[in-house]
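Following: one structure in structure tokens, then a few remarks.
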Amino acid sequence: MDVQSDIRTGDTRAIARAITWIENADARGAALVHDIYRQTGRAYIVGITGSPGSGKSTLIARMAALLAAGGAKVGILAVDPSSPFSGGALLGDRIRMFDISLTHDVYMRSMGTRGSLGGLNRSTRMATRILDAAGFDWILIETVGAGQSEVDVHDVAYTTVVVLAPGMGDDIQAMKAGIMEIGDAFVINKADREGADRTLNQVESILHLSAAEGWNPPVLKVSAEQNAGVDELVAVIARHRVHLEEDGELDRIKVRMARLDVVEILKERLTDTMNTELERAATQAELEKVATRETDPYTVADMIVDKIWRGR
Amino acid sequence: MEEKIRVLVAKPGLDGHDRGAKVLARALMEAGMEVIYSGIRRTPEQIAEVAVQEDVDVVMLSCLSGAHNTLFPRVVDLLRQKGGGDILVLGGGIIPEDDMPFLKEHGIQEVFYPGAPIKATIQYVRDNVHKEKHS
Ligand SMILES: Nc1nc2c(ncn2[C@@H]2O[C@H](COP(=O)(O)OP(=O)(O)O)[C@@H](O)[C@H]2O)c(=O)[nH]1
Ligand SMILES: [Mg+2]
């Protein structure tokens with residue numbers, strides 16, 4: 001298997017293996033992204049976030065089926081938290097997406113956060129680039145929205161959809177605390193259930209407070225399970241995309257994302273360098289001096305930084 | 001490099017009992033693996049495709065309906081067709097001892113008895129995963 005050329009032809013196994021390399025921080029993954037990066041930037045990236053159980057996976061399966069039926073290629077990345085204790089993960093999103101496993105032109109991958117804070121990590125960013133190079137028109141990224149972690153889906157997606165469901169009062173509180181700002185569209189899912197209108201009103205009244213010129217995030221009632229309202233959601237995303245393009249905003253977002261891509265790689269490089277320095281025998285001796293209070297950690301840290309700069 | 005063993009725990013066939021599969025999935029997670037659970041009543045075609053898309057190292061098939069002799073080898077065949085012939089395929093559920101040689105001849109590398117200790121299953125996976133896959 002020649003992963004690089006097979007990715008360009010959209011070969012499933014090559015794509016899957018490339019993402020594994022990325023996740024494992026295998027040097028082949030980095031080399032690959034380096035080689036294919038110039039072919040990326042064409043896919044439209046959508047983030048779907050919200051509390052566990054709000055119906056994100058079910059909704060994404062519906063969206064993917066709809067987009068694929070319209071002739072588009074759809075890549076899905078579904079991120080679930082890894083266990084901080086075992087490092088393992090139960091990646092549960094596939095259960096709701098099994099029915100689209102055989103849908104032509106749809107690829108789906110479950111990813112564990114593997115200890116990175118924020119839920120979306122370097123792996124997700126770079127896996128997105130792989131799918132982009134493989135010719136996917138749409139990339140849908142699912143992330144859990146516990147605490148602050150949903151904020152960074154905004155760092156990888158052009159359009160962010162926040163999914164809520166009736167009877168999740170905490171979500172409304174979270175919205176007031178700032179999640180609202182990242183939503184380009186809000187979905188009240190499980191509209192087949194009681195209480196959807198109430199949730200809709202609550203969300204609309206919170207959004208109303210910050211209504212301004214430009215894009216005001218629509219709030220949509222959807223039933224992913226009954227496949228109702230999914231086409232409206234896709235239409236809203238398409239409208240948001242046009243809005244970003246006409247505004248020149250998409251270009252600004254792309255510069256911000258380019259910066260984040262560089263930052264991710266820089267962090268990795270700097271961490272590697274730091275760890276190498278920390279392992280040196282000379283550093284060990286300094287650490288012992290910190291332990292016996294002959295010196296202090298600032299002095300040693302500055303010494304290491306100096307050495308790294310001069311060592312270029 | 002921080003390799004993780006990825007496992008698909010899959011239920012082909014028509015039986016709707018998945019308590020055992022879920023217990024296994026959790027135990028594998030607690031052993032540090034990344035586990036994808038299929039849900040019930042999946043087809044061999046779906047299972048093989050998902051295994052390739054997810055680039056798993058192991059597929060654990062669990063079947064209680066008695067159709068293992070057709071379903072398990074079918075998954076193995078489809079995996080080979082899709083270029084996933086290097087994936088370790090294991091079986092469990094309710095498999096009569098008499099069927100085990102047949103399954104092993106058809107690419108199921110190991111079959112676990114009902115009630116086999118999960119620890120042994122985990123150890124088997126650790127020892128037999130195709131490490132060369134990533135090299
Ligand atoms: N009644 C109803 N249930 C839904 C709907 N969408 C999803 N669900 C159910 O909600 C549960 C969680 O769905 P899932 O997609 O896994 O949510 P996620 O955790 O946000 O990805 C599952 O039992 C789904 O069947 C819907 O529109 N209506
Ligand atoms: Mg989900």
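The values are calculated or read from the model by the stated rules, or taken from the named source; none is laboratory data. Small disclaimer: the values here were computed from a predicted structure and weren't measured. Cβ coordinates were reconstructed from backbone atoms using ideal geometry, including for glycine residues, and neighbour counts include every protein chain displayed. The protein model used for the area step is the full one, side chains on, heavy atoms only, and it has no ligands, DNA or RNA in it. Shrake-Rupley method; radii C 1.70, N 1.55, O 1.52, S 1.80 Å.
For chain A, the longest principal axis of the Cα atoms and the long axis of helix A:12-23 meet at an angle of about 50 degrees. Summarised in one figure, the compactness ratio Rg/Rh of the range A:159-312, Cα atoms and Kirkwood Rh, is 1.26. Using the Cβ-Cβ distance between A:R280 and A:D197 with R0 set to 60 Å, the FRET efficiency works out to roughly 0.40.
Please find the FRET efficiency linking A:A31 to A:H104, where r is the Cβ-Cβ separation and R0 is fixed at 30 Å, and quote it to the nearest 0.05.
So, using R0 = 30 Å, E works out to roughly 0.50.
Around the amide H of A:I141, modelled in the peptide plane, lie the amide H atoms of A:V46, A:G47, A:I48, A:L77, all under 5 Å away and 5 or more residues distant in sequence or on another chain. If the Kirkwood radius is taken over C-alpha pairs of the range A:260-311, then at 37 °C and 0.692 mPa s the Stokes-Einstein diffusion coefficient equals 276 µm²/s. Sparsely packed loop sites in the range A:213-312 (the GluC sites (Glu not before Pro) outside DSSP H, G, I, E and B with at most 16 other Cβ atoms within 10 Å) comprise A:E213, A:E225, A:E294.
If the reach is capped at under 30 angstrom between alpha carbons, list the lysines near A:K307, excluding any in the same chain fewer than eight residues apart. Hits, sequence-local ones excluded: A:K267, A:K289. Can you tell which of B:E30, B:E49, B:E110 shows the greatest fluctuation in a Gaussian network model of chain B with Cα springs below 10 Å? So, out of B:E30, B:E49, B:E110, the one fluctuating most is B:E30. Think of the protein assembly as shown as having a plus end and a minus end, set by charges on the Cβ of Lys, Arg, Asp and Glu; of B:P12, B:V125, A:H243, B:V125 sits farthest toward the positive end of this dipole. Residue pairs exceeding 21 angstrom between C-alpha atoms, taken from B:K11/B:K104; A:K73/B:K82; A:K73/B:K22; A:K73/B:K11: A:K73/B:K22; A:K73/B:K11.
Working from the Cα coordinates of the range A:41-247, the gyration tensor eigenvalues give, after taking √(5λ), semi-axes of 24, 20, 18 Å in decreasing order.
Projecting the Cα atoms of B:I40, B:P73, B:L61 onto the dipole axis of chain B, where Lys and Arg carry +1 and Asp and Glu carry -1 at the beta carbon, places B:I40 farthest toward the positive end. Working from the Cα coordinates of the range A:177-260, the gyration tensor eigenvalues give, after taking √(5λ), semi-axes of 26, 16, 11 Å in decreasing order. For A:K254, the aspartates and glutamates whose Cα comes closer than 13 Å to its Cα, not counting residues fewer than 8 places off in the same chain, are A:D155, A:E245. For chain B, modelled as a GNM whose springs connect Cα atoms under 10 angstrom apart, the maximal fluctuation among B:K11, B:K104, B:K82 occurs at B:K82. Straight-line cross-link partners of A:K221 among the lysines, defined as a Cα under 19 Å from its Cα and at least 8 positions apart when in the same chain: A:K56, A:K190. Charge tally around A:E279: other residues with Cβ under 15 Å, Lys/Arg +1 each, Asp/Glu -1 each, net -2.
Each 10 Å bin from 0 upward holds the following percent of the Cα-Cα pairs of the range A:40-103: 17, 47, 28, 7, 0. Annotation: the antiparallel percentage among DSSP beta bridges lying fully within the range A:41-247 is about 5. With a 10 Å cut-off around each Cβ of A:91-102, the average count of Cβ atoms from other chains is 6.
Residue-wise HN-Hα couplings along the range B:68-81, as the Karplus relation 6.51 cos²θ - 1.76 cosθ + 1.60 with θ = phi - 60° gives them from phi, are 4, 5, 9, 6, 5, x, 5, 4, 4, 4, 5, 4, 4, 4 Hz; Gly and Pro carry x. Between A:T295, A:T113, A:T12, the Gaussian network model of chain A with springs among Cα atoms under 10 angstrom shows the greatest mean-square fluctuation at A:T295.
For the range B:6-130, the orientation-averaged shadow of the C-alpha convex hull comes to 6.4 nm² (one quarter of the hull surface). About its Cα centre, chain B has a charge dipole of approximately 300 debye under the convention of +1 per Lys or Arg Cβ and -1 per Asp or Glu Cβ, with nothing else charged. Express the carbon and sulfur contribution to the solvent-accessible surface of the range A:41-247 as a percent, rounded to the nearest whole number, probe 1.4 angstrom. Ligands and nucleic acids excluded, carbon and sulfur reach 50 percent. In chain A, the longest principal axis of the Cα atoms and the axis of helix A:56-69 are about 70 degrees apart.
As a ratio to 2.2 N^0.38 Å, the alpha-carbon radius of gyration for the protein assembly as shown is 1.06.
Of the chymotrypsin sites (Phe, Trp or Tyr not before Pro) in the range A:1-87, the ones in a loop by DSSP (not H, G, I, E or B) with at most 16 other beta carbons within 10 Å are A:F85.
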